[in-house]
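Novice: Below are the structure tokens for one structure; questions will follow.
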Amino acid sequence: MNLDQTIFVAGHRGMVGSAIVRRLQLLGYRHIVTAGRDELNLLDPVAVLGFFRKRAIDQIYLAAAKVGGIHANNTYPAEFIYENLMIEANVVHAAHVSGVQALLFLGSSCIYPKHAEQPMREDALLTGLLEPTNEPYAIAKIAGIKLCESYNRQYGRDYRCVMPTNLYGPLDNFHSENSHVIPALIRRFHEAKQRGATEVVIWGSGNSMREFLHVDDMAAASVHVMELPSAAYQSNTQPMLSHINVGTGIDCTIRELAETIAKVTGFRGRLVFDVNKPEGSPRKLMDVRRMKALGWTSTIELEEGLRDAYTWYVENVAVS
């Protein structure tokens, strides 16, 4: 590792971007560049190109994105596809024009078909219909993969892609309506405990299965992939199938997840499952053999990670 490289982390105030910054600092990197929305609007191609041309950037972590849960994706599909397409197109193109050779694009497990064979291998991409509730977001992330691959093929760039499973942890979005399942349940159980409620309602049957990865594990995986020698990365990927799954390789039902969060938050009431609410794909589990072959595996167990996420929520978000 060259600790003197200048590294730009796009989306450093978000859950994933902030974890990547923490990881880079922990490893001793000395020149980390960040920019908030007030300084750089990633939706503005002129602004992005101008930002890059003023700096001698060696690496880019593209962690900026518009994200949300089922409700948010269903309610704002136009914003989800437009903003994510614009962010990735502006950053990748400006990186190329500015001569940045190394970039890591962070995608999502929702790129895979709704009924993909489980666990989902990288070659399941574009083999079937997507889950309708987050199709616009998934299309944007697929486009980001192909954008990176296209610049690699045409210009010899080294733009890599990692596809994380469902992430959670500090700085997650705990909005009452627009959050993902873990922060939504953490908030719901905490507030129910504070009110002395006897039950908590959970969307869906509870039978859907999901895999969850703590964001600090994701940050470690991202830096690991970025720092791989080109020969190692290329030997485990293909020019038009270059993305790498990142996950634990272990899933659980939403019911099991809810029971664990109830335990972590100290809620002792009843769990009620509303089968009239949407619950997305029946199962989403990543095949992580490619990542393991490249020398990385997750280290944070789910209950341990949930306790960390809950502690952060109580200290930074919850109103006592």
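Novice: Counting other beta carbons within 10 Å of each residue's own, what order do 299, 34 fall into, fewest first?
Specialist: Values: 299 11, 34 16.
By the 10 Å Cβ count, ascending, the order reads 299, 34.
Novice: If you don't mind, another one. Which percentage, to the nearest 5, of the DSSP beta bridges contained in the chain is antiparallel?
Specialist: Bridges in the chain that DSSP calls antiparallel: roughly 10 percent.
Novice: Moving on to the next point. Of the listed pairs 141/284; 66/263; 114/141; 114/263, which have alpha-carbon separations greater than 20 Å here?
Specialist: Details: 141/284 17 Å; 66/263 31 Å; 114/141 15 Å; 114/263 31 Å.
Beyond 20 Å between Cα atoms: 66/263; 114/263.
Novice: Once phi is turned into θ = phi - 60°, what whole-Hz ³J(HN,Hα) does the Karplus curve with 6.51, -1.76 and 1.60 give for every residue of segment 161-173, x standing for Gly and Pro?
Specialist: Using θ = phi - 60°, the values come out as 9, 10, 10, x, 6, 5, 9, 7, x, x, 6, 5, 8 Hz.
Novice: A further question on this structure: Treating cross-link reach as a plain straight distance, find the aspartates and glutamates whose alpha-carbon is under 20 Å from the alpha-carbon of residue 146, omitting any fewer than eight places away in the same chain.
Specialist: Excluding near neighbours in sequence, the set is 83, 88, 122, 123, 131, 135, 158.
Novice: Same structure, new question: For all pairs of alpha-carbon atoms in segment 241-320, what percent lies in each bin of width 10 Å, listed from the first bin to the last filled one?
Specialist: 14, 33, 34, 16, 2
Novice: In whole Å, how far is the Cα centre of segment 31-85 from that of segment 113-146?
Specialist: 21 Å
Novice: When the Karplus curve 6.51 cos²θ - 1.76 cosθ + 1.60 is applied with θ = phi - 60°, which whole-Hz ³J(HN,Hα) does each residue of segment 72-88 get, with x for Gly and Pro?
Specialist: 5, 5, 6, 7, 10, x, 5, 5, 5, 6, 5, 5, 5, 4, 5, 4, 5
Novice: What length, rounded to one decimal in nm, is gained on full extension from residue 146 through to residue 78, with 0.36 nm per residue of separation minus their alpha-carbon distance? If you can, show how the numbers build up before the last one.
Specialist: Numbers: separation 68, 0.36 × 68 = 24.48 nm, distance 2.05 nm.
Taking residue 146 through residue 78 to full extension adds about 22.4 nm, to one decimal.
Novice: For segment 300-307, just list the computed ³J(HN,Hα) in residue order, Karplus coefficients 6.51, -1.76 and 1.60, θ = phi - 60°, integers in Hz, with x standing in for Gly and Pro.
Specialist: 9, 5, 4, 4, 4, x, 5, 5
Novice: Given H placed on each backbone N at 1.01 Å, which residues far from residue 283 in sequence or on other chains put an amide H within less than 5 Å of it?
Specialist: Amide H neighbours of residue 283, under 5 Å, 5+ apart: 209.
Novice: Right, another one. Which FRET efficiency, nearest 0.05, do residue 289 and residue 199 yield, Cβ-Cβ r, R0 51 Å?
Specialist: Numbers: r = 41 Å, r/R0 = 0.80.
For R0 = 51 Å, the calculated efficiency reads 0.80.
Novice: Next up: Please give the length that would be gained between residue 2 and residue 155 if that part of the chain were fully extended, namely 0.36 nm times their separation in residues minus their C-alpha to C-alpha distance (nm, one decimal).
Specialist: On the way: separation 153, 0.36 × 153 = 55.08 nm, distance 2.39 nm.
Result: 52.7 nm gained on full extension.
Novice: Where is the GNM fluctuation largest for the chain (alpha-carbon springs, 10 angstrom cutoff): 127, 253, 165?
Specialist: Among 127, 253, 165, the largest mean-square fluctuation in the Gaussian network model of the chain belongs to 127.
Novice: Using just the helices of the chain, give the 222 nm mean residue ellipticity in deg cm²/dmol: DSSP H runs with n ≥ 4 each add -39,500 (n - 2.57), and the total is spread over all residues, rounded to 500. Please report the intermediate quantities before stating the final value.
Specialist: Working: 11 runs with 135 residues, N = 320.
Computed ellipticity for the chain at 222 nm equals -13000 deg cm²/dmol.
Novice: How much net charge surrounds residue 211 when only other residues with a Cβ under 10 Å from its Cβ are counted (Lys, Arg +1; Asp, Glu -1)?
Specialist: On the way: positive: 210, 283, 284; negative: 251.
Here the charged neighbours net out to +2.
No value in this document is a laboratory result; all are computed from the given coordinates. Treat the numbers as computed from the prediction; the structure is a model and nothing was measured. No Cβ is skipped: glycine too gets one built from the backbone with ideal geometry, and neighbour counts run over all protein chains shown.
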